[in-house]
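Report on the following structure.
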Amino acid sequence: MTYVGRFAPSPTGPLHFGSLVAAVASYLEAKTHSGNWLLRIEDLDTPRVQAGAADHIISTLDAFGFEWDGDIMYQSQRNDAYINAFNLLKNKQLIYPCTCTRKEIADSSSQTGIEGIIYPGTCLSKPIKPNAPIAWRIKTEDKLSSFNDAIQGEISQNLKLDIADFVLKRADHLFTYQLAVVVDDAEQGITHVVRGADLLNSTPRQIYLQTLLNFNTPNYTHIPIATDNAGQKLSKQSLAKGLSATEASTALFKALHFLNQTPPPELMHDSHATIWQWASAHWDSAHIPTKATQITQ
């Protein structure tokens, strides 16, 4: 089986160091396995998309020496595929409408899961409110499910108790990340997913959807996330600094160092092409720590 990996940034701002780390790890894993590396722009959440960010990310990746295979996929162009998956689940009576607001859920639920207060299933057992915006939730199961992550080890979750019935289509009619990423990975034939550990808790939900939709489940590798000096994940919300083409060599060197690949210090001052040559020859994902060994900005 041909290794097929991917990098799937959200265009909510310019490419920053945290995203670069994920790109480097997924790229080198694919290339050292003689595989394909695909690029997908996850621009589904249109209210959060920043104008020009997708083009900036693509041009930065190109300037840093990344070479992706095939055409770039844009989630904003894939609504029909999400509708098909959604209707399949609906026809199986696996999803149901929900009109509960966040405040109503907080007021009515005494249960907390791994991401805070969980939905108590109100609309599963009671009629929905008339003339209210409708979200669609998927029924989850009260049983333990596990998967083995290449870095984080065995991960187990009970979706019903830890997450509860989660939303697949929002009240504003946008499909959620959980559904879109599963449909897109299947469409692109992704065999291996290398991404940040902030998405580790999402993986059991995605495996659950893959099973219901009869999709193959990729192998997962969740790398440590880069944080700022306050311990927050680097992101647009934490005002992470965008990368420019002029700092390609320095940023690539720091990304390799962050991933515990021990590049020689003099490599920082070489061209990014030379850094890629060294990285391809010395890459070893077994050296990646389970948690970040440094804090960076």
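In the set Ala248, Ala279, which member is at pLDDT below 95 and either of a type in the set (Lys, Arg) or part of a helix (DSSP H, G or I) (or both)?
Of Ala248, Ala279, the one residue that is at pLDDT below 95 and either of a type in the set (Lys, Arg) or part of a helix (DSSP H, G or I) (or both) is Ala248.
What helices (runs of 4 or more DSSP H) completely inside the range 115-227 contain at least 1 residues that are of a type in the set (A, V, I, L, M, F, W, C), open to solvent by less than 50 Å² (accessible area, probe 1.4 Å) and out of contact with any Cys (no Cβ under 6 Å at 6 or more places or on another chain)? Give the derivation first.
Values: elements: 122-125, 177-187, 203-212.
Per the criteria, 177-187, 203-212.
Scan the range 71-108 for residues that are at positive phi and open to solvent by less than 60 Å² (accessible area, probe 1.4 Å) and jot them down.
So in the range 71-108, the residues at positive phi come out as 93.
Hits for the range 71-108: nothing passes.
What about Thr2, is it in contact with a strand residue (DSSP E or B) (Cβ under 8 Å, 6 or more places away or on another chain), farther than 22 Å from Ala135 by Cα, among the polar types (S, T, N, Q) and outside any helix (DSSP H, G or I)? Even if it seems obvious, please write down each step before you answer.
Numbers: in contact with a strand residue (DSSP E or B) (Cβ under 8 Å, 6 or more places away or on another chain): yes; farther than 22 Å from Ala135 by Cα: yes; among the polar types (S, T, N, Q): yes; outside any helix (DSSP H, G or I): yes.
Spelling it out, Thr2 is indeed in contact with a strand residue (DSSP E or B) (Cβ under 8 Å, 6 or more places away or on another chain), farther than 22 Å from Ala135 by Cα, among the polar types (S, T, N, Q) and outside any helix (DSSP H, G or I).
In the range 50-89, what count of residues is obtained for those that are part of a loop (DSSP other than H, G, I, E, B) and under 25 Å from Glu247 (Cβ atoms)? First the steps, then the outcome.
Going through the range 50-89, the residues part of a loop (DSSP other than H, G, I, E, B) turn out to be 50-52, 64-72, 78.
Those left that are additionally under 25 Å from Glu247 (Cβ atoms): 50-52, 64-68, 72.
Result for the range 50-89: 9.
Taking the criterion of being within 28 Å of Lys169 (Cα to Cα) and either of a type in the set (S, T, N, Q) or buried (at least 20 other Cβ atoms within 10 Å of the Cβ) (or both), would at least one residue in the range 24-31 satisfy it? Reasoning before the result, please.
Residues of the range 24-31 that are within 28 Å of Lys169 (Cα to Cα), as a first pass: none.
No - not one qualifying residue is present in the range 24-31.
The values are calculated or read from the model by the stated rules, or taken from the named source; none is laboratory data. Just so we're clear, the structure is a prediction, and the values are computed from it rather than from any experiment. Glycine gets a Cβ as well: all are built from the backbone with ideal geometry, and neighbour counts include every protein chain shown. Only protein heavy atoms, including side chains, enter the accessible area calculation; ligands, DNA and RNA are left aside. Shrake-Rupley method; radii C 1.70, N 1.55, O 1.52, S 1.80 Å.
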